[in-house]
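Following: one structure in structure tokens, then a few remarks.
Every number in this text was worked out from the coordinates using simple rules, so none of it is lab data. All figures in this text were calculated on a predicted structure; none of them were measured in a lab. Cβ placement follows ideal geometry from the backbone for every residue including glycine, while neighbour counts extend to all protein chains displayed.
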Ligand code: UDP
């Protein structure tokens, strides 16, 4: 059994990793300011510290209560569009906050660190699917803020021997297949929950951001990966850290357009989704699809929920069962 600290563990991806850690019999402490995370997303078996990663004193107290087998870092602002309007907020909260956390981890003798990184590091990639050696050139302050943390880990590794995993994920989607956790953002900006809400009649329509992209149907193509498969990849990356630090791209390897996602929700729900075609959203690349070969070959990871309809089915089930999300 290991002892793990999970920042942002009350958030969407973090909460699914917490479930995976608990299912594997580990001891888990969630460190979350609950601004985007939810108290209800933290299972009773995990400890919750309600604090900000910017709170150096609190972080110090928690990290002193070691030893920690690893720290998983999810706590972050994560909206590309918002970061295009408020770059400094993203540099302060994500980059500076992450750098301070890494320094504190090194100070307290933490030897393994797993970062929730992003495909937004690849602004307009030259080759699709995107491999780990693709040129990094973030298209937004959000992506840039994660790159700054990755670079900090690189130096913390070189100078202090910290072992780290940078997991650059594509579009996290779906919900715990057992229905214990799901996606609840306020405001919701992500495609799948918004399309589901349009199908449920909880919003009048889905607005498609751009239909003049150089893609088969003109709408953006993304690599939707099930959040439980993501959680599993974190555990496998953690195991790799016994040998070396790693950077993995994490996706299904199959791209789906915005219109394909809408059709999938219609198939799964049996309902019609009202659609309105609109202008592009700033900062959106046309296509983001991952080559996850390195993760697969080095850790044996395989997505269990690879089909778009399966992903949408779990998202639909959770959203239908929890119309008010976690209810906070
Ligand atoms: N999208 C859309 N309408 C919406 C929300 C999203 O057309 O109301 C598109 C968006 O332009 C992108 C894709 O859906 O191409 C996925 O967007 P999301 O915000 O879910 O994730 P992102 O790719 O930005 O991380």
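So the values come out like this:
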read-out	value
Inter-site label distance for residue 99 and residue 131 at 7 Å from Cα along Cβ, in nm	3.2 nm
Estimated FRET transfer efficiency when R0 is 22 angstrom, pair residue 243-residue 151 (beta carbons, to 0.05)	0.50
Percent of beta bridges antiparallel (DSSP, the chain, rounded to nearest 5)	5 percent
Sorted by Cβ neighbour density within 10 Å, fewest at the top, the residues 302, 121, 147	302, 147, 121
Gain in span if fully extended, residue 160 to residue 85, counting 0.36 nm per residue against the direct Cα distance	23.4 nm
Average Cα contact separation per residue, segment 208-295, under 8 Å, 6 or more apart, as relative contact order %	47 percent
Gained length - residue 281 relative to residue 190, 0.36 nm times residue gap less alpha-carbon distance	31.5 nm
Taking segment 101-159 and dividing mean pair separation by its residue count, relative contact order in percent (alpha carbons under 8 Å, at least six apart)	35 percent
Anisotropy class of segment 266-328 from Cα gyration tensor, a/c 1.5 cut	oblate
The chain shape via C-alpha gyration tensor axes, a/c threshold 1.5	prolate
Residue 267 paired with residue 92, simple spin-label distance in nm, labels 7 Å along Cα-to-beta-carbon	4.6 nm
Alpha-carbon centroid distance for the pair segment 226-246 / segment 262-328, whole angstrom	21 Å
Packing-based exposure ordering (other Cβ within 10 Å, fewest first) of 277, 1, 148	1, 277, 148
Cα gyration tensor shape of segment 1-142, rounded if a/c is under 1.5, else prolate or oblate by comparing a/b with b/c	prolate
Angle between the chain longest axis and helix 97-107 axis [Cα atoms, degrees, rounded to 10]	30 degrees
Sequence of 60, 69, 229, 242 once ranked by neighbouring C-beta atoms within 10 Å, starting from the fewest	242, 60, 69, 229
Label-zone membership for segment 19-35, site residue 65, 7 angstrom Cα→C-beta point, backbone N under 15 Å	27-33
Sorted peptide list for 174-181, 249-256, criterion being average Cβ within 10 angstrom, highest first	249-256, 174-181
Length-normalised contact order of the chain in % [C-alpha pairs under 8 Å, at least 6 apart]	19 percent
